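Read through the structure below, which is laid out as structure tokens, and then see the notes.
The values are calculated or read from the model by the stated rules, or taken from the named source; none is laboratory data. As the structure is a computational prediction, the values presented were derived from the model and not from experiment. Keep in mind that these areas ignore ligands, DNA and RNA; they rest on the heavy atoms of the full protein, side chains included. Shrake-Rupley method; radii C 1.70, N 1.55, O 1.52, S 1.80 Å.
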Amino acid sequence: MHITFSWYDYTLFILMLGLSALIGIYFAYFSKTKQTSVDEYLLGGKEMNIIPIAISLIASTISGTMLLAVPSDVYRFGPTYWYVVLDVFIASAITYYVYIPVFYKLQLTSSYEYLKLRFSGNIRILASFLFTLTNLLFLPIVIYIPALAFSQATAINVHYVTPLVCGVCIFYTTIGGLKAVVWTDTLQFFIMMGSMFTVLYMGLSSVGGFTNVWDISMKGDRIVPSFSLDPTERDSFFAVFIGNIFGVAGYISVSQGYVQKYLSMPTQNDVKKALLLFSIGTMIIISVSVLTGLIIYAKYWDCDPLSSGKIAQLDQILPYYVMDVASTIPGLSGLFLSGIFSAALSTLSALLNCLSGSIYEDFVSPFMPKDITQLRISNILKLIVVIVGVVCTLMVFVVERMGSILPLQFSLVGITSGPLLGLFSLGMLFPLANTKGAFIGGIGSLIIMSYIILTAQVNKTKGLIYYATKPISVEACNSTIISSAYQQQDSSEEVFALFKISHYYFTAMGTLLVIIIGLPVSWFTGGREQIVDPDLISPVSKWMLKKDYYAVEKALKMVHTEKC
């Protein structure tokens, strides 16, 4: 299956890449403020506006994998994923009232510097290493999926597509800093939205409107979610809703890329407005993606493309659908793939920018001379972007040989996001927590979650864990082919229930493990007697501080004055 590219399609695609590069050139050479200091390069001089930051947050969250994976997941398992939009609003409120007050008051270049202030340098290095490793493995996945879609559409080898697109992203991120990232995210956001809504409109027209989509989806058991409390059920309401509160918070509350953008705004009230716009925008995009999945089902409810052999894997169903409903419209294929690539580029550029800050602060800065100039630091940050970008580009050639992409992505995020969110939550919410509790809690959570997730992945690969799909049909296909993708493999082995738990719970499990392990360890290792700087505790937990809180704060200030 190929989407036929015309010169209209190539023009749209090249125009998107060209404009992204021009934005980087503008902020590097023609803007009134040049990227010659840490504040300018990483925080945009702390003068970023609400709307572009909000759009950048949305664009960074919605990667190409989501635009391709959510519709296919909804087609196969139903639209329960939509309830994530509720989690986005809840997690945004938690972010603003629990985590942002601490980060905003401290004004740290790296969010992981907080863990050094609250616990020790070892905890900070552990968290930063996990963040760096996760993204070095995650970013090649982000860019590989849309590159693969482009390769299928144009017959151009993915090995040629990936370096070109990554090269443009590395270029504008390196020379333009955060401002280039934010404004290219804004451009790519509108391309992405234009692509999504155009495909949505064409899809609704092809199946007879929303009412018809709803009726067919109801008959196909696609609408009403399961309210089972069984944690091994993949897509129950509680798995999606409860699990993703932690999952979304793991991204937007403590991740360096998001904290960096929060701190780039002049006031904390601006952060609140940006988070509200981010929540609304994310809700719209997720809703459109879910509806697209239902439209695809309404289109193919009686002739499943995977079962009939028209596509090789389920991730191809969205490009196949676009070709089917809109191949006669010049430029639409190019707009569609530009939207997919825009989502991937926005995620890639945002993480490249924040990774440079995190790597410099946590791994390079300790070896730099104290009198290093801001210009030299800025140049080092740019060099780190180039190095990380090249590494991610080269790792795409490894990722394509590692099998199914989405399970791999869930595993990578699940292993590390829970422990990371747990460390920050332990420090900000529990004054009792100390360094020993954080270290043992963090390492313990990492080991346990690694064992659970990797074992589950091995069992899935062997066919020992299988999640039943919603009903499918091939009665209108004139085909007797039934794809093995839907077939459960026979097995005489029984898998322990712990390894069958829905992937939506992974981040929640990792977070709670840090707290469950860390608090008792802190209690028995002197956490009750320690004095904690009130600035390091979230406002929602300051009531847990000792009654002589103001006396403690005054004493800390006096000690600091004496040292100076």
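Roughly how much of LYS460 is accessible, in Å² to the nearest 10, using a 1.4 Å probe?
Solvent-accessible area, nearest 10 Å²: 60 Å².
Distance cut-off 31 Å, Cα to Cα: go down the list LYS272/LYS470; LYS219/LYS273; LYS116/LYS462; LYS272/LYS436; LYS105/LYS382 and report the pairs above it.
Pairs exceeding 31 Å: LYS272/LYS470; LYS219/LYS273; LYS116/LYS462; LYS272/LYS436.
How much of GLU233 can a 1.4 Å solvent probe reach, expressed as accessible area in Å² and rounded to 10?
Approximately 60 Å² for this residue.
Report MET368's accessible area, 1.4 Å probe, all protein chains in place, as a number in Å² to the nearest 10.
Looks like 50 Å² after rounding.
How do VAL521, VAL74 rank by accessible surface area computed with a 1.4 Å probe, from largest to smallest?
Most to least solvent-accessible, the answer reads VAL521, VAL74.
Which order do LEU412, LEU276 take when ranked by solvent-accessible area (1.4 Å probe, heavy atoms of all protein chains), largest first?
Accessible-area ranking of LEU412, LEU276, largest first: LEU276, LEU412.
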